[in-house]
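Q: Got a structure here, written out as structure tokens. Questions coming.
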Amino acid sequence: MEKNELLDRLAAGRLTRRQFARAAAAAGVGLMTLPLLARDGAAETGQIEYYTWATYEDPNLHKAFTAKYGHEPNHSTFGEEEEALQKMRSGYRPDITHPCSYSVPRWYEAGIIKPVDTSRLQNYADVFPELKTIKGTSKDGKALFVPFDWGNSSVLYRTDLVDSNTDSWMLLFDEKYKGRLATYDSVDGAVSSAALVLGFKNIGTLDDEQLAKVRDLMIKQRPLLRYYWTDQTSVEQGLASGELVAAYAWNASVVALKKQGIPVAYMNPKEGILTWVCGMALVQGAPGDEQAAYDFIDAMIDPQSGQYLIDNDGYGHSNRKSFDLVKPERLAELGLKDPVALFKQGVFFEETPTAFKEKYIQMFEAVKAGI
């Protein structure tokens, strides 16, 4: 394919990002050309861009979108929400992004996301009511995001390498395992786990005295850690090899390691297991086709997408009907047999007001830097 023909087809929306990438090498077209041209044609062609956590670009999670438009959306990924927020504040404008409930107010206040007209979503009626009413995720009666996935953050550990009766977040602060522990490189996860150890319940509104105690505990933890992680694959590899004996982790890592036959357990800490809910949000000032963006969200929350998410990753899905498509024994294996009971038992990550969040961020960065 000649260069001009390739570029003309891309600009007209007749090539996806992947098709362009395959053809570009042969045609000698620089890949740096792709973002500008793809976004220029987005509104006319249904080409949208999805900014999400790694692995959520999986085509199996939005099959209905691909069936309707004949191509996959463009995508880019982030490892942590503060990173994503700062990138969008700097001018990056995807069409859809994937914040968690506790970040929604901050992203809305920053002018990054806008309300969603849920009447344009066929599957929204089947979303768990408990997930629609999370504090901070609506404004003036309008949803600021659409719940998609949910799960837990807890301690994943090797049962053959640590005490079998472990039932506390304190495992991630235990000097006995110095150099063989890891925690998430996220202010939300790091502060929440330390606050739970200290018995604080007001995780999102820690006063200065409480925050100082959290800081002191995290300072003691820092030399015990092998690393702060941003990619859960590193946790899985570390635990599989024995480099790590325990780490802050998500449900998907439990599933992945058990598939490998690694002897691990996922803790239900006595201080409380952390529960998160993340979802789809529309980006303010996005250049793409808005209807395509709504169709993408609808595809992500349909029951078939939920079945795949549950079976493949071990996470919960927002659509109640998804659970009817998964075998009862599989739900029991994953600990997802009764979603509503889990919502009642978990300690939900909560909104952290901006004034508090800025203090948390400054403290966390100082701890990591050894200041």
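The values are calculated or read from the model by the stated rules, or taken from the named source; none is laboratory data. Since we're looking at a predicted model, the values are computed, not measured. Positions of Cβ are generated from backbone atoms using ideal geometry, with glycine treated the same way; all protein chains shown enter the neighbour counts. The accessibility values were calculated without ligands, DNA or RNA, using every heavy atom of the protein model including side chains. Shrake-Rupley method; radii C 1.70, N 1.55, O 1.52, S 1.80 Å.
Q: Does any residue in the stretch 80-96 that is closer than 18 Å to Ser186 by Cα and in contact (Cβ under 8 Å) with a residue 12 or more places away in the chain come within less than 7 Å, Cβ to Cβ, of a residue that is assigned to a loop (DSSP other than H, G, I, E, B) and open to solvent by 40 Å² or more (accessible area, probe 1.4 Å) six or more places away or on a different chain, and which pairs are these?
A: Glu80/Thr230
Q: Let me ask something else. Can you confirm whether the stretch 51-64 contains a residue that is out of contact with any Lys or Arg (no Cβ under 6 Å at 6 or more places or on another chain), β-branched (Val, Ile, Thr) and closer than 21 Å to Leu121 by Cα?
A: Taking every residue of the stretch 51-64 in turn, at least one turns out to be out of contact with any Lys or Arg (no Cβ under 6 Å at 6 or more places or on another chain), β-branched (Val, Ile, Thr) and closer than 21 Å to Leu121 by Cα.
Q: Further question on the same structure: When you check Lys178 against the structure, is it among the charged types (D, E, K, R), within 16 Å of Met363 (Cα to Cα) and in contact with a Leu (Cβ under 9 Å, 6 or more places away or on another chain), yes or no?
A: no
Q: Looking only at the stretch 125-166, how many residues end up being over 23 Å from Phe296 (Cα atoms), among the hydrophobic types (A, V, I, L, M, F, W, C) and loosely packed, with under 14 Cβ neighbours inside 10 Å?
A: 0
Q: Next question. Among the residues of the stretch 68-90, write down those that are open to solvent by less than 50 Å² (accessible area, probe 1.4 Å), assigned to a loop (DSSP other than H, G, I, E, B) and not acidic (Asp, Glu).
A: Within the stretch 68-90, His71, Pro73, Gly79 meet the criteria.
Q: Right, something else. Restricting to the stretch 167-178, name every residue that is of a type in the set (A, V, I, L, M) and crowded, with 19+ Cβ neighbours inside 10 Å.
A: The answer is Leu171, Leu172.
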